[in-house]
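The values are calculated or read from the model by the stated rules, or taken from the named source; none is laboratory data. Predicted, not measured: the structure shown is a model, and the values here were computed from it. Cβ coordinates were reconstructed from backbone atoms using ideal geometry, including for glycine residues, and neighbour counts include every protein chain displayed.
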Amino acid sequence: MENIYLLMIIALAMLADVDLVVGVRNDAVNFLNSALGSKAISFLTIMIVASLGIALGVIFSSGLMEVARKGIFNPGEFMFDEIMVIFMAVMITDILLLDFFNTVGMPTSTTVSIVFELLGAAVAMALLKIADNNGSFTEVVNYINTTKAAQIIGGILLSVVVLLLLAILLLVRNYVSHKNNSEATKAEDSLKRAESSSVQGVIQESATNISRVIKRGKNIYSNAIKGLAKQDLALLKKSKSNVVKLSDEIDDLRDNIFYFIKNVDESSIKASNFYINVLGYLQDMIQSLEYIAKVTYKDVNNNHKKLKNNHIKDLDQIEAKLAEVFEKLKAAFDAQSFDEIQGVLKSKQDTYGLLSENIREQVRRTITEESSPKHTSLYFSVLLETKDLMDATFHLLEEYHLAHDDSIQPAIPSNEKDAESPE
């Protein structure tokens with residue numbers, strides 16, 4: 001028993017070493033989470049800055065030691081052995097709690113944990129002393145530095161309240177901003193129902209819809225390919241959500257076909273057929289986009305290995321080619337320059353050639369090289385659905401190219417005729 005204090009000091013030194021590792025790791029995670037998540041700078045730069053900051057903090061910070069030495073309890077009220085027991089309890093509790101919270105992924109603060117561990121251990125020891133002396137439990141305030149403890153705890157609670165209010169304000173601001181932007185984007189890109197009774201009228205009316213579908217389809221496809229390449233689940237989830245919204249809008253247009261046909265003249269059967277064909281091709285485009293968004297999201301969500309670099313390179317080339325075609329189409333439909341569609345149709349073979357070449361190359365890789373079955377299946381699925389997407393797109397263009405005749409004046413929708421008629 002003579003060496004009990006020496007053993008306790010050695011034990012405290014060992015516990016302090018373990019606690020330092022656990023505490024520094026906890027602080028490093030707290031610091032790095034936001035830095036890595038923001039992707040503002042490179043991973044290596046973040047690690048260097050974090051390492052230097054933590055090292056400087058450990059070497060030069062003495063504030064926490066002052067709190068441990070005399071900030072929470074009055075050392076003069078305790079015997080040496082009692083203080084040793086308090087510190088042993090604090091060290092063991094700190095290691096166990098921090099390690100447990102880190103293991104389950106809960107946010108923790110080393111400073112806050114030390115403060116309340118010291119307070120709890122000091123109060124427990126004070127109550128034991130009071131009980132041994134048959135004193136009143138109200139005497140516990142003599143053992144605790146109530147002024148300093150209240151100041152420290154008040155500061156902690158105040159900082160939590162302030163940070164909580166700031167977080168709420170930021171969330172509300174971001175929600176309002178996101179809602180306004182979403183509503184503006186939705187209004188700008190939402191699809192409209194056709195009302196004209198002639199083919200030329202439907203062509204002009206539906207041009208805006210085609211432009212918006214192409215714009216949104218391009219973004220959906222791009223997000224799916226980039227999300228797959230970067231293993232970005234948030235981007236893939238966005239692609240999947242956007243294609244569902246677009247599909248619902250096109251379904252709404254298809255549901256309105258009956259009323260569209262009922263409102264056109266008997267002599268306008270061609271307009272009805274044209275409109276039905278257009279919606280059919282749009283539906284085919286969305287089905288391909290929906291499948292691509294679904295399989296890419298599923299692959300990354302299931303934590304499958306990243307595609308090989310040659311797969312990613314091929315898909316990037318295809319995405320760039322599709323984006324180029326879609327940009328030209330959007331410009332043509334925005335300007336209602338339907339003669340420009342013929343120029344896009346001439347690039348049809350180049351687009352199909354790129355897809356066919358990638359399919360042949362992947363077949364060769366599968367035969368001659370060792371390859372993952374899941375990667376091969378996913379890669380072929382994306383390529384084939386992209387081909388179906390381009391099939392539907394070019395069929396849509398051919399429908400417009402064959403039906404458009406700028407020598408014919410578009411028929412005026414019935415609601416506009418009513419508005420123009422004199423009273």
(request) Inspect all residues belonging to region 306-319 and state whether any of them is within 17 Å of LEU282 (Cα to Cα) and surrounded by 14 or more Cβ atoms within 10 Å (Cβ to Cβ). (result) no
(request) Please work out if ILE95 is of a type outside the set (Gly, Ala, Ser), outside the structural domain of GLU82 (by TED's automatic domain parsing) and buried (at least 17 other Cβ atoms within 10 Å of the Cβ). (result) no
(request) With the condition kept exactly as written, say whether any residue in region 277-286 is modelled with pLDDT of 90 or more, of a type outside the set (S, T, N, Q) and under 21 Å from the mean Cα position of the chain (by Cα). (result) no
(message) For region 180-201, check the following and say yes or no: at least one residue is modelled with pLDDT under 90, touching a Pro at 6+ places or on another chain (Cβ under 7 Å) and assigned to a helix (DSSP H, G or I).
(response) yes
(request) Tell me which of these GLU357 doesn't satisfy, since it passes every other one: (1) at pLDDT below 85; (2) farther than 22 Å from ASN223 by Cβ. (result) (1)
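Residue-wise test of (1) touching a Ser or Thr at 6+ places or on another chain (Cβ under 8 Å); (2) assigned by TED's automatic domain parsing to the domain that holds SER356; (3) modelled with pLDDT of 90 or more.
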site: PRO373; (1), (2), (3): no, yes, no
site: GLU385; (1), (2), (3): yes, yes, yes
site: ASP391; (1), (2), (3): no, yes, yes
site: GLU399; (1), (2), (3): no, yes, no
site: ALA403; (1), (2), (3): no, yes, no
site: SER407; (1), (2), (3): no, yes, no
site: ASP418; (1), (2), (3): no, no, no
site: SER421; (1), (2), (3): no, no, no
(message) Quick check on region 124-169: of everything there that is surrounded by fewer than 12 Cβ atoms within 10 Å (Cβ to Cβ) and not in a helix (DSSP H, G or I), which residue is nearest to the chain's Cα centre (by Cα)?
(response) SER136
(request) Restrict the check to region 352-371 and report whether at least one residue is of a type in the set (A, V, I, L, M, F, W, C) and not in a helix (DSSP H, G or I). (result) no
(request) Have a look at LYS240, LYS313, LYS306, LYS294 and point out the one that is over 21 Å from LEU396 (Cβ atoms), in a loop (DSSP other than H, G, I, E, B) and charged (D, E, K, R). (result) LYS306
